[in-house]
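Undergrad: Got a structure for you, written out below as structure tokens; questions coming shortly.
Computed from the coordinates by the stated procedures, all read-outs in this text should not be read as laboratory data. Remember, predicted model here, so these are calculated numbers, not experimental data. Every residue, glycine among them, receives a Cβ derived from its backbone with ideal geometry; neighbour counts consider all protein chains shown.
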Amino acid sequence: MDFDLSKPQKLLKQSARDFLARECKPERVRAIMATETADDRALWSAIADQGWPGLIIPETYGGLGLGVVELAAVAEEMGRACMPGPLLSTIFASAVVMRAGTEEQKRRWLEPIAAGEMRATVALGTEFVFDAEAADVILTVTANGVEALDKSALTLTRLPSMDETRKVYSLSGGERPDRLIHPDPALQGREDLTAVPTVALCAEMVGGMQWVLDTSVEYAKTRQQFGRAIGSFQAVQQLCADMLLLTESSRTATYYAAWALATDDPAAPLAVSMAKAYCSDASREVGNKGIQVHGGIGFTWEHDLQLYYKRSKASETLFGDATFHRERIATLVIDPVLTHF
């Protein structure tokens, strides 16, 4: 049994890394996050040329027709580059349309999303929406299926956020129908609609953890203290070893969840929650340990480590924090047992 990525998946992952190394350097990330919407149309155009907005959209609707594992491979590199912009929100929207939309809605929204001509986001059971200003359409799920909110009738208020690479807004005004009352029982729970973006977010966190680990190890090799590299001290070695364990364990959990979704495995809901619960805690811990290795400089605005730490803290709660998913895991594990009594 082969637990590694296939050759095409490895090539996709490497091409994503090469692309982001050229187009999404840290100085560009800082420039984009300083804007009102954390959106760069030139970067989006380059991303669209890569086909990423349509990565998981079927070829019938103009997408690449790839699976969740391929999405995770690309998202990991997005996280390694701390890539800003509305791509994750747009992927979330396309996953919701594919899951809950009618054929007419799929044609209306998936085709322009796949072509990179439309950016989208989703409001599910809350008025706190990511990338609402940058999105061309804000979708929600109602008893009638997927609907687009009238953005012109809404007031978007940008909220303070620890992660300035992904802006969050509150919505007010306009008519906003009730969420999560789709007549299909399979679509009653928000978890079913957020499974794909949750795995993509976990992969992003893995990429961020890998960057923190690599940067911390390199710093430990070169930073001198008491006449020797700090990496020679056992305490620093232990921090790096812990970061490696957390990163690799997170990667394993994430790609298993991606595989489970891609193959419609019955254990997919459990795998997704296991991945998010673990990654939420691990990403925060890796950030903490990375700052400990770097010392005071890790807290400074000038060092890029703070960008990744803030991203990890914001991602920790997005689509449910570790506590939320541990409760869901308990429910998924216990309920089948209780049915036998």
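Undergrad: E27 to Q292: extension gain in nm, 0.36 nm per residue of separation minus the Cα-Cα distance?
TA: Working: separation 265, 0.36 × 265 = 95.40 nm, distance 2.38 nm.
So the extension gain works out to 93.0 nm.
Undergrad: When only C-alpha pairs under 8 Å and at least 6 residues apart count, what is the relative contact order of the chain, in percent?
TA: It rounds to 16 percent for the chain.
Undergrad: Oh, and also: About the Cα centre of the chain, what is the dipole size in debye to 20, counting +1 per Lys and Arg Cβ and -1 per Asp and Glu Cβ, all else neutral?
TA: Details: 34 positive and 45 negative charges, 186 e Å.
It works out to roughly 900 debye.
Undergrad: While we're on this one: Aspartates and glutamates near K151 by alpha-carbon distance under 14 Å, same-chain residues fewer than 8 away left out - which ones?
TA: By straight Cα distance, K151 reaches E127, D131, E133, D136, E175.
Undergrad: Which longest run of the chain has no exposed loop site in it, a site being GluC sites (Glu not before Pro) in a DSSP loop with at most 12 other beta carbons within 10 Å, and the site itself not part of the run? If you can, show how the numbers build up before the last one.
TA: Numbers: sites that count: E36, E117, E175, E302.
Result, exposed sites excluded: 176-301.
Undergrad: Rounded to the nearest 500, what is the chain's calculated 222 nm mean residue ellipticity when only DSSP H runs of at least 4 contribute -39500 (n - 2.57) each, over all residues? Don't jump to the answer; show the numbers that get you there.
TA: Working: 11 runs with 185 residues, N = 341.
Calculated from helices alone, the mean residue ellipticity at 222 nm is -18000 deg cm²/dmol.
Undergrad: Here's another thing I want to ask about it. Quick one: compute a quarter of the convex hull surface over the Cα atoms of the range 190-338 and quote it in nm².
TA: Seen from a random direction, the Cα hull of the range 190-338 projects 9.6 nm² on average.
Undergrad: Which of A229, L239, V217 sits closest to the plus end of the dipole of the range 201-258, meaning its Cα is farthest towards the positive end, when Lys and Arg get +1 and Asp and Glu get -1 on the C-beta?
TA: The one lying farthest along the dipole's positive direction is A229.
Undergrad: What dipole magnitude, in Debye to the nearest 20, does the range 190-338 give about its Cα centre under +1 on Lys/Arg Cβ and -1 on Asp/Glu Cβ?
TA: 520 debye
Undergrad: Please go through the range 251-321 and write out the chymotrypsin sites (Phe, Trp or Tyr not before Pro) that DSSP classes as loop and that have at most 15 other C-beta atoms within 10 Å.
TA: W301
Undergrad: Quick one: K221, K167, fewest Cβ neighbours within 10 Å first, how do they rank? Intermediate values should be presented prior to the final figure.
TA: Working: K221 11, K167 26.
So the residues, fewest neighbours to most, are K221, K167.
Undergrad: In whole Hz, with x marking every Gly and Pro, tabulate ³J(HN,Hα) for the range 200-205 from phi via Karplus 6.51 cos²θ - 1.76 cosθ + 1.60, θ = phi - 60°.
TA: My calculation for the range 200-205 gives 4, 5, 4, 5, 4, 5 Hz in order.
Undergrad: Separate question: Tell me whether the range 1-86 comes out rounded, prolate or oblate; compute the Cα gyration tensor, take square roots of the eigenvalues as a ≥ b ≥ c, and use a/c under 1.5 as the rounded threshold.
TA: oblate
Undergrad: I need the P(r) histogram for the chain: all alpha carbon pairs, bin width 20 Å from 0 out to the longest distance, whole percents.
TA: Calculated P(r), rounded to whole percents: 30, 58, 11, 0.
Undergrad: Can I ask one more? Based only on other Cβ atoms within 10 Å, what is the fewest-to-most ordering of C24, C202? Mind dumping the intermediate values first?
TA: On the way: C24 23, C202 33.
Ordered by Cβ neighbours within 10 Å, fewest first: C24, C202.
Undergrad: Using Cβ counts within 10 Å as a stand-in for footprinting exposure, how do R158, R22 rank, fewest first?
TA: Exposure proxy ranking, most exposed first: R22, R158.
Undergrad: Shape call for the range 7-186 from the C-alpha gyration tensor, a ≥ b ≥ c root eigenvalues: rounded (a/c under 1.5), prolate (a/b greater than b/c) or oblate?
TA: Oblate.
Undergrad: Any of K167/K276; K7/K221; K13/K276; K167/K221; K7/K313 with alpha carbons more than 25 Å apart? Name them for me.
TA: Pairs exceeding 25 Å: K7/K221; K167/K221; K7/K313.
Undergrad: Does anyone have the angle between helix 305-317 and the longest principal axis of the chain? Alpha-carbon axes, 0 to 90°, nearest 10?
TA: 40 degrees
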